[in-house]
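What follows is one structure encoded as structure tokens, with my remarks underneath.
The values are calculated or read from the model by the stated rules, or taken from the named source; none is laboratory data. Fair warning: this is a prediction, and the values are worked out from it, not measured in the lab. As a convention, Cβ positions derive from the backbone with ideal geometry for all residues, glycine included, and neighbour counts pool all protein chains shown. Quick note on the areas: whole protein, heavy atoms, side chains included, nothing else; ligands and nucleic acids left out. Shrake-Rupley method; radii C 1.70, N 1.55, O 1.52, S 1.80 Å.
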Amino acid sequence: MASSLVDAPVLPTLLRLSAPGLVLVAFQSMVSVGDTYFVGRLGTEPLAGLALVFPLVMLLQMTSSGAMGGGVASAIARSLGAGDAARARRLVVHALIIALGMAAAFTVLILAFGASLYRLLGGKGESLANALVYSNMLFGGAIASWIANTLASVLRGNGNMLVPALALITAAAFQVPLSGALVLGWGWVPRLGIAGAAIAYVASFSFAALVMALAVFRRSSPLRPRSGDLALEAALFGDILRVGGMSVLNSFQTILTAVALTGFVGGFGAAALAGYGVGVRLELLQIPLVFAVGQALVVLVGTNIGAGNPARAKRIAWTGTAVAAAICLAIGGSAALFPHAWVGLFSSDPDVLDAGTMYLRIVGPFYSLLGASIALYFASQGAGRMLRPVLSATVRLGVVLIGGAFATSLSAIFGVIVAGIGLSAGLMMWFIARTKW
């Protein structure tokens, strides 16, 4: 597999590796819509509780899959690119130990401090009670998500994009009806309310983890650790954490940026917040699409770096960036030209339509820069060089916090968003161009 990743034509190989992830995006979007629909049938308070927990569920996925998962895939890809299969097998063991530790941290911290955090976000009464039921059940099983996403990253590090995608697609297809049955009570299945959605989440990731464990640990697997691979080494933990740890920090910055922007927009009223929320939903839908390209970049760049071919790795990074930018330009450009086609799907309130239209017309044309920035971030994971890309995200956070604090109109807030995206993307491109891989 590694030889084909260092010799095959760049663009066709990139598209081939990205394709399974693009299909997975559709199924994961279906899960998000399905859970919201089923819990919404229970009433306003459960739906509000679900919304309170959503940022932490998003953080769980970002850290276990894109952040630490990127560190795992990068380390394994670089080892295999260098022809060191034994080191790749040892990295599998270290990756699983990190996953167990991170899962335990999520479980303990959320169970201990979740209630305080949800109150800080505005939760009270029944909405808070529903949030705690959902949160305690889901984060009590955080190990399922961490193990599934870690094993998916292990397989991707070997260039195997198909098995993780099929496992997670099957899990998503299983999760939607299970969630509906447990939340609402279908036939002989008892009605568990919002707890049912959390149980379905943990069950689906447990299934995915089992499938990928069978793939990694089967006798013929080149990644299956042997008895001599079980010794722990600080250098191997460091190889994963050097990329994954910095990426986790970036995930926290992303969440903090989103929370800050929501707070700034909320100061202009409920209609402004609703319009912004509808508009930014389109932005969030693009991230998984770019993530599919990004996962391919992690593997391709990492393998070529390990094989001692940094020039080809850079060429792959810029090619992937062009693909991601083109995807986001098509979406953002269309939304800017025809904003009502999107915003009108969610609301007919004139004030909401005005706010959502303003957001898309100001921010939409710059989605291409967001896509480019995300793609280069994943390419940097593959190269094992994360400090400067994380600093570019810190700059974006700083622009949002300072600019948002001084903005006196909704259009100015949206201008601040554009400034943050543009400056971050410009720095990212400059960093990649100047950094020696």
Kirkwood-based Rg to Rh ratio, region 269-321, C-alpha trace | 1.33
Could you give the accessible area per residue of region 343-437, probe 1.4 Å, as a whole number in Å²?
-> 41
Which trypsin sites (Lys or Arg not before Pro) in region 149-228 pass both tests, a DSSP loop state and at most 15 other beta-carbon atoms within 10 Å?
-> 191, 218, 219, 226
Per residue and in Å³, how big is the convex hull formed by the alpha-carbon atoms of region 306-437?
-> 100
In what sequence, largest accessible area first, do 358, 428 appear using a 1.4 Å probe?
-> 358, 428
Sorted by packing (mean other beta-carbon atoms within 10 Å per residue), highest first, where do 407-416, 112-121 land?
-> 407-416, 112-121
Please work out the Cα center distance from region 358-423 to region 50-127, rounded to the nearest Å.
-> 23
Percentage of interatomic Cα-Cα distances in region 174-258 larger than 23 Å | 58
Helix-only mean residue ellipticity at 222 nm for the chain, each DSSP H run of n ≥ 4 adding -39500 (n - 2.57), per residue, nearest 500 = -29000 deg cm²/dmol
In whole Hz, the Karplus estimates of ³J(HN,Hα) for region 102-117 (6.51, -1.76, 1.60; θ = phi - 60°; x where Gly or Pro) are 5, 4, 4, 5, 4, 4, 5, 5, 6, 5, 7, 10, x, 4, 5, 5
What percent does the relative contact order of the chain come to when contacts are Cα pairs within less than 8 Å and at least six residues apart?
-> 22
Convert each backbone phi in region 160-175 into a coupling constant with the Karplus relation 6.51 cos²θ - 1.76 cosθ + 1.60 (shift: θ = phi - 60°), then list the ³J(HN,Hα) values in order as whole Hz, x for Gly and Pro.
-> 8, 8, 6, 4, x, 5, 5, 5, 6, 5, 4, 5, 5, 5, 7, 5
P(r) for region 357-434: what percent of alpha-carbon pairs falls in each 10 Å bin, starting at zero?
-> 20, 47, 25, 8, 0
Peptides 203-212, 304-313: what's the order by average Cβ count within 10 Å, highest mean first?
-> 203-212, 304-313
Starting from the Cα gyration tensor of region 231-345, multiply each eigenvalue by 5, take the square root, and state the resulting semi-axes largest first in whole Å.
-> 36, 21, 9
What per residue convex hull volume, in Å³, do the alpha-carbon atoms of the chain yield?
-> 136
Going by a ≥ b ≥ c, the root eigenvalues of the Cα gyration tensor, does region 1-148 fall in the rounded group (a/c under 1.5), the prolate group (a/b larger than b/c) or the oblate group?
-> oblate
Rg/Rg_globular for region 83-128, with Rg_globular taken as 2.2 N^0.38 Å and Rg from C-alpha atoms = 1.94
How long are the three semi-axes of the equivalent ellipsoid of region 116-256, in whole Å, if each is the root of 5 times an eigenvalue of the C-alpha gyration tensor, listed from largest down?
-> 33, 23, 12
Here the residues of region 61-78 lying in the modelled label zone of residue 32, meaning backbone nitrogen under 18 Å from a point 7 Å along Cα-to-Cβ, are 61-67
Radius ratio Rg over Rh of region 285-379, counting only Cα atoms, Kirkwood formula for Rh | 1.17
Selection from 17, 86, 240 lying farthest towards where the dipole of the chain points positive, charges on Cβ | 86
If you plug each phi of region 306-316 into the Karplus form 6.51 cos²θ - 1.76 cosθ + 1.60 with θ = phi - 60°, what whole-Hz ³J(HN,Hα) values come out, in order, with x for Gly and Pro?
-> x, 7, x, 10, x, 5, 5, 4, 5, 4, 4
